[in-house]
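Notes to accompany the following structure.
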Amino acid sequence: MLILLPPSEGKTAPRRGKPLDLASLSSPTLTETRTTLLQALTDLCRDDPEQAATVLGLGPSQRDLVERNAVLTSAPTARADAIYTGVLYDALGFDSLSPAARRRATARVAVTSSLFGIVRPGDRIPAYRLSGDATLPGTGSVAGAWRDVLGGAVRDAVGTGLLVDLRSGTYAAFWRPEPDLARRVATVRVLHESGGKRTVVSHFNKATKGRIVRALLEDGANPGTPKALAATLERLGWTVEVGDPTPKGTQLDVVVTEV
């Protein structure tokens with residue numbers, strides 16, 4: 001099983017650590033695209049900070065993020081599971097997982113990244129700012145840069161197992177599973193049910209997904225199909241409704257009543 005997470009906009013910048021070494025990252029087939037995007041981003045932020053702020057969607061109080069991007073190649077790095085923060089990652093709590101669950105996370109979790117494609121929890125990366133819907137001058141859209149190369153890396157990572165795709169729409173555009181893989185793809189939607197109505201609440205959606213990933217890692221189950229994943233989640237206490245298989249995978253609706 002491979003659990004594919006979205007990145008977080010917020011990141012914790014390490015104070016010390018070795019500089020970035022692209023050759024040391026997992027999924028080496030992505031090195032060329034990583035190099036291209038890294039060069040484009042650092043050049044833009046160093047040479048034209050004003051344009052960089054516009055491209056990155058940053059306000060006047062966030063110019064420090066432009067400065068941080070300008071020196072990414074020499075900035076200190078840390079494990080990816082310590083870099084990404086935010087609602088989903090707080091609920092997942094990499095740092096408080098049991099030793100066995102942390103080992104499983106190393107093998108079963110990957111994070112989608114605008115700059116690096118996908119990274120594993122143990123990959124050492126700097127804190128960067130680059131949204132998935134950004135377009136870099138001279139390079140084009142970030143999604144377009146990954147579209148033709150990310151699929152192979154994901155396939156290698158998932159092997160013959162189940163892909164649990166928790167990416168948001170922006171990052172799902174980087175790569176969509178081919179029909180032959182779709183039967184082994186499960187997407188998860190969290191629905192809040194109240195007064196007979198169901199809604200998607202962004203903050204709660206992220207937190208619940210983080211709790212789901214944590215529970216799967218602690219439990220140790222390794223389901224091989226979307227239906228088996230649904231059964232595992234039900235055993236762990238969630239209410240799950242399984243959709244029909246589609247060319248893009250099978251959607252699991254996790255229905256919750258408490259926010």
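Each value in this text was obtained by applying a stated rule to the coordinates, not by laboratory testing. Quantities reported herein were computed from a predicted structural model and do not represent experimental measurements. Neighbour counts run over all protein chains shown; Cβ positions are idealised from the backbone, glycine included.
Which residue fluctuates the most in the chain, going by a Gaussian network model with Cα springs under 10 Å, if the choices are D219, D64, D165?
D64
Magnitude of the Cβ-charge dipole of the range 18-153, K/R +1 and D/E -1, about the Cα centre, nearest 20 debye?
Its charge dipole is roughly 640 debye.
What angle do you read, to the nearest 10 degrees and between 0 and 90, between the alpha-carbon axis of helix 226-235 and the longest principal axis of the chain?
70 degrees
Taking only the alpha carbons of the range 1-137, what extent do you get along each of the three principal axes, in Å, biggest first?
Cα extents, longest axis first: 46, 31, 29 Å.
Among V149, L233, L20, pick out the residue whose Cα is farthest towards the positive end of the charge dipole of the chain, where Lys and Arg carry +1 and Asp and Glu carry -1 on C-beta, about the Cα centre.
L233
Just report the Cα centroid separation between the range 188-259 and the range 18-63, whole Å.
Taking the Cα centre of each part, the range 188-259 and the range 18-63 sit 34 Å apart.
Using the count of nearby Cβ atoms within 10 Å as a rough guide to exposure, how do S98, S27, S168 rank from fewest to most?
In increasing order of surrounding Cβ atoms, one gets S98, S168, S27.
Stretch K197-D64 to full length: gain in nm at 0.36 nm per residue minus the Cα-Cα span?
The span from K197 to D64 would gain 43.6 nm if fully extended.
For the range 202-259, which GluC sites (Glu not before Pro) pass both filters: DSSP loop (anything but H, G, I, E, B) and at most 10 other C-beta atoms within 10 Å?
Taking the range 202-259 and a limit of 10 other Cβ atoms within 10 Å, the loop GluC sites (Glu not before Pro) found are E258.
How much mean residue ellipticity at 222 nm does the chain get from its helices, if each DSSP H run of length 4 or more adds -39500 (n - 2.57) and you divide by all residues, to the nearest 500 deg cm²/dmol?
-11000 deg cm²/dmol
Report, in debye and to the nearest 20, how large the dipole of the chain comes out about its Cα centre when Lys and Arg carry +1 and Asp and Glu carry -1 on their Cβ.
Value, rounded to 20: 580 debye.
For the range 2-256, which semi-axes, largest first and in whole Å, follow from the square roots of 5 times the eigenvalues of its Cα gyration tensor?
So the three semi-axes of the range 2-256 are 31, 19, 19 Å.
Given 4 °C and 1.567 mPa s, how large is the Stokes-Einstein diffusion coefficient of the range 140-259 in µm²/s, with Rh as the Kirkwood radius over Cα pairs?
It comes out at roughly 85 µm²/s.
Say we join alpha carbon atoms closer than 10 Å with springs in a Gaussian network model of the chain; which of T160, T232, T199 then has the biggest fluctuation?
Largest GNM mean-square fluctuation: T199.
Taking the Cα centre of the chain as the origin and placing charges on Cβ (Lys, Arg +1; Asp, Glu -1), which of G159, C45, P177 is farthest toward the positive end of the dipole?
Result: G159, furthest along the dipole toward the positive end.
Dipole size in debye (nearest 20) for the range 185-231 around its Cα centre, Lys and Arg Cβ +1, Asp and Glu Cβ -1?
That gives a dipole near 220 debye.
Please give the helix 99-108 orientation as an angle from the longest Cα principal axis of the chain, in degrees from 0 to 90, rounded to the nearest 10.
Helix 99-108 sits roughly 70 degrees off the main axis of the chain.
Which lysines, if any, have their Cα less than 30 Å from the Cα of K227, not counting same-chain residues under 8 positions apart?
Within the straight-line cut-off, K227 pairs with K197, K206, K209, K248.
Only bridges whose two residues both fall in the chain count here: according to DSSP, what percent of them are antiparallel, nearest 5?
If we restrict to bridges inside the chain, about 50 percent are antiparallel.
Would you mind checking the tilt of helix 202-219 against the longest principal axis of the Cα atoms of the chain, expressed as 0 to 90 degrees and rounded to 10?
Orientation of helix 202-219: about 70 degrees from the principal axis.
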